[in-house]
Amino acid sequence: MELNQIDLQAKAGLSETLQTEVDLSVVIPVRDEEPSLKPLYNSLKRTLDGLALSSEVIFVDDGSVDRSLEVLQELALSDPRVLIIKFRRNYGQTAAFAAGFRLACGDVVVTMDADLQNDPSDIPILLDKMSEGYDLVSGWRKNRRDRTLSRKIPSWCANRIINKLIKDTGVRIHDVGCSLKAYKRVIVKNIRLYGDMHRFIPAYAAWLGIKVTEVPVRHHPRSFGESKYGMDRVWSVVLDLITLRFYTGFRTKPFRFFGKIAVAMALSGSLVSVSLLLSQIYIGFGVDFQTFVLMILFSLFGGLQFIVVGLLSEIIMRGFLETQDRQEYVVESVLRHSSLCDSTAEV
């Protein structure tokens with residue numbers, strides 16, 4: 001018995017012919033997780049065997065340099081449900097999830113980490129909650145077993161910011177960063193992921209009006225190795241939060257986004273300049289009038305630059321939407337009086 005190599009692009013474009021549809025797909029990014037893979041698979045196998053659902057397990061080898069790929073190949077030889085995607089190098093967790101989503105054939109797609117901190121036995125809990133009519137169910141690591149300074153505190157801050165961004169949706173998410181999530185297939189097939197944006201899918205989905213909820217799940221201490229993500233990831237998360245804010249409120253009107261930055265910059269610069277001038281007049285510590293004028297001009301020109309960027313973004317975005325013929329809304333259903341059912345309508 002041997003494993004067949006399937007070209008990634010061909011598989012993505014011909015998934016219906018290369019692989020039959022299943023009820024459940026499990027997508028797991030892997031990077032140097034050799035010791036945890038067999039225990040993870042055994043636990044996942046027990047869970048999947050206990051479900052009355054057809055399933056597949058997609059492992060994405062994200063540039064591992066240990067024997068992770070060899071272990072995955074052994075698992076694939078023993079279980080036809082296992083599919084392996086191998087990256088040429090490390091592209092990151094978001095790219096791994098995106099590749100898994102692209103190839104997933106399940107009606108429901110579940111994601112989880114490979115480090116044994118997520119518990120596969122929680123998958124039925126996610127599926128039960130989804131059966132109540134939700135489109136996306138996110139895990140909530142209520143009793144998180146991670147380091148406080150490097151993991152818990154940055155995560156708490158990010159969750160607070162994200163919930164501020166989506167407060168108008170009525171959805172509150174305690175733990176956006178938990179990898180254990182369940183999605184309806186239509187969600188993952190229509191969201192493009194960049195940066196670390198896989199962590200913010202629930203927030204983005206809530207903004208789109210998709211039914212999102214979360215359930216408490218177990219979280220175990222890391223058994224093997226070290227986390228691949230530390231404090232250096234905080235800055236990339238901050239930048240992705242800015243991107244999220246742009247997409248959830250200003251994607252079709254970027255001029256307003258950059259216009260607010262321009263106003264804030266011009267006002268703050270002007271206030272600082274006036275304060276320094278007054279300080280020089282009354283206590284002799286500050287800037288003279290010539291420097292004051294220059295500071296005001298730089299503040300105004302700085303704001304003007306953001307206005308120009310906003311105008312250019314507005315032109316680019318409108319041109320993109322018009323050429324792609326894309327709509328900025330999601331239609332859940334179309335209701336029509338029975339007497340009009342013989343006519344047609346375009347949404």
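Gain in length, Asp49 to Gln280, computed as 0.36 nm per residue apart minus the alpha-carbon separation, to one decimal in nm?
In short, 75.5 nm is gained.
Would you kindly state how much longer the chain becomes between Leu300 and Lys164 on full extension, computed as 0.36 nm times their sequence separation minus their alpha carbon distance, in nm to one decimal?
46.0 nm
In bins 5 Å wide, starting from 0, what share of all Cα pairs of the range 38-102 does each bin hold, as a percent?
Spelled out bin by bin, the range 38-102 gives 4, 16, 26, 23, 20, 9, 3, 0 percent.
With a cut-off of at most 14 other beta carbons within 10 Å, and DSSP calling the residue loop, which trypsin sites (Lys or Arg not before Pro) in the range 95-159 qualify? Please list them.
Lys142, Arg145, Arg147
Where a number appears in this text, it was derived from the coordinates with a stated rule and is not lab data. The structure presented is a predicted model; accordingly, all values stated were derived computationally and were not measured. Counting neighbours? That spans all protein chains shown, and the Cβs are built from the backbone with ideal geometry, glycine included.
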